[in-house]
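Just below is one structure, and these are the notes that go with it.
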Amino acid sequence: MIENINLEVREPVIAPQAGILPFTTSTSFTMGIELELQLVNRRNYNLASDAVDLLTWITPKSLQEQIKLEMTQGMIELNSSVHTRVDELIEELKGLRAALNKGAEHLNIDVSGGGVHPFQRWSDQRITPSERFHSLHEKYGYLAKTFTVFGQHIHVGVPSGDDALYLTHAFSRYIPHFIALSAASPFFQGADTHFDSSRSNVVRAFPLSGTAPVLHTWSEFETYYEELLQMGIIGSMKDFYWDIRPKPEYGTVEIRVCDTPLTIEHAAHLGAYAQLLARWILTKRPFVVEDDFYLLYQYNRFEASRYGLKGMIALHGHERGSSQKLPIYEHLLQQLSILQPYVQNKAEQTTIERLRYLANKRISDAEWLRQTFLHRGSLNDMMRMSSELWMGRHPPPYFQ
């Protein structure tokens, strides 16, 4: 990746790699994140369709390159620039949050994290004025409005397309960690879903969701991409709704399974976890990617979505010892120990310690939301407190 240029707007510098889908040269293990955020009114804390107006209040105007519209008008997307250090990412996010908070104040609305809004109705949502969004609405019908869910996307820089494909496959073994650690959508359509991450189920409704095909070289992927392009199945890489996908125009691999956390600090540390994993994976090459590589993927993904850190992860053959399954939190703790030698600075050590604490205590944003609802007795009040948390009016939970 190129330092200090926004993931969404920078012009790609194409490596001398021929083909229909050239892969951009990128610095290994840099990272950036995108956060889809909820806009809520201060009357009853339902979604507020004010995204278009909010964007006009963002100052300085240059930040409008990093704060963007999304599919429906109760959403806004915040994009970081590219970073090597998680502490610097947190500082940038604080600045972006301050600009967003200031703009929201003009409209008498608040901003919140969380993977879904707990009681909004999909039929009430308004598509954002945009040729692309209206085209998607025409193509996907009601699914476009049900896609009013809120996720964190994590980009990690890689030097080549071949490395991107390997990392895409290898990351899949740790998707349960990312789902469980970010889970923040226990309520949906006014009810407790009994899932820690109900958002995960909404995303699966789209075609070309799931996992990337088992391909090993970028030239193989280009052939696959060209075939789908010629058949009219896709128009660009954006039509792949995979949980993890290569992004050749940015030179990254993108993890797409996370709920938007309730705080910017937690979002940043999830980005740093992906960075540490990538450093270890591309250094050690611990997996052989074969046709059955995703055999246990759906089971493990479900367990993480349903039970969070308390779910079970089914182990692949080379991982098995005396048992065939482990609690996700134990699997995460083991991986954090493996990553310890790859920590390069104090900020990354903080990431390890924070995630270890969450795993040991089995706590999450989903649990915070449930406990807040239990104590307040109202989803509306829960959303008010959630927005105060994200906007920085209260310290982050767990680490006070």
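Projecting the Cα atoms of 213, 200, 253 onto the charge dipole of region 160-255, computed from C-beta unit charges around the Cα centre, puts 200 farthest toward the positive end.
Highest GNM mean-square fluctuation among 229, 369, 54, for the chain modelled with Cα contacts below 10 Å: 229.
For residue 114, the residues 5 or more places off, or on other chains, whose built amide H falls under 5 Å of its own are 260, 262.
In the chain, helices alone account for a calculated mean residue ellipticity at 222 nm of -12500 deg cm²/dmol, with every DSSP H run of four or more residues adding -39,500 (n - 2.57). The lysine pair count for region 173-329, using Cα distances under 26 Å and pairs eight or more places apart or on different chains, is 4. Of all accessible surface on the chain at a 1.4 Å probe, what whole percent is carbon and sulfur? Result for the chain: 51 percent of the exposed heavy-atom area is carbon or sulfur. Rounded, prolate or oblate, given the Cα gyration tensor of the chain, with a/c below 1.5 counting as rounded? In terms of gyration-tensor shape, rounded.
Full extension of the chain between residue 375 and residue 298 yields a length gain of 24.3 nm, computed as 0.36 nm times the residue separation minus the alpha carbon distance. Under the combined filter of DSSP loop state and at most 13 neighbouring Cβ atoms within 10 Å, region 257-350 retains these trypsin sites (Lys or Arg not before Pro): 320. Stretched out straight at 0.36 nm per residue, the stretch from residue 204 to residue 134 would grow longer than its current Cα-Cα span by 23.1 nm.
For region 42-85, the per residue solvent-accessible surface stands at 40 Å², with DNA, RNA and ligands left out and a 1.4 Å probe. Please say if region 24-160 is rounded, prolate or oblate, where rounded means a/c under 1.5 for a ≥ b ≥ c the square roots of the C-alpha gyration tensor eigenvalues, and otherwise the choice is prolate for a/b larger than b/c and oblate otherwise? In terms of gyration-tensor shape, oblate. Among the chymotrypsin sites (Phe, Trp or Tyr not before Pro) found in region 229-267, not one is both in a DSSP coil and sparsely packed, with 11 or fewer other Cβ atoms within 10 Å of its Cβ.
Accessible surface calculations at 1.4 Å, restricted to protein heavy atoms, place region 136-231 at 32 Å² per residue.
Within straight cross-link reach of residue 145, meaning Cα distance under 17 Å, which aspartates and glutamates are found once same-chain residues fewer than 8 apart are removed? Filter leaves 36, 50, 70, 77, 124, 131, 239. So, R0 is 41 Å and r is the distance between the beta-carbons of residue 61 and residue 349; what FRET efficiency does that work out to, to 0.05? Once rounded, the FRET efficiency stands at 0.65.
The fraction of all Cα pairs in region 105-177 landing in successive 10 Å bins from 0 to the largest distance is 14, 29, 29, 24, 4, given as whole percents.
The values are calculated or read from the model by the stated rules, or taken from the named source; none is laboratory data. Given the structure is predicted, the values throughout are model-derived calculations rather than measurements. A quick note on method: Cβ atoms are made from the backbone with ideal geometry, for glycine too, and the neighbour counts reach across all protein chains shown. Surface areas here come from the heavy atoms of the whole protein model, side chains and all, with no ligands, DNA or RNA. Shrake-Rupley method; radii C 1.70, N 1.55, O 1.52, S 1.80 Å.
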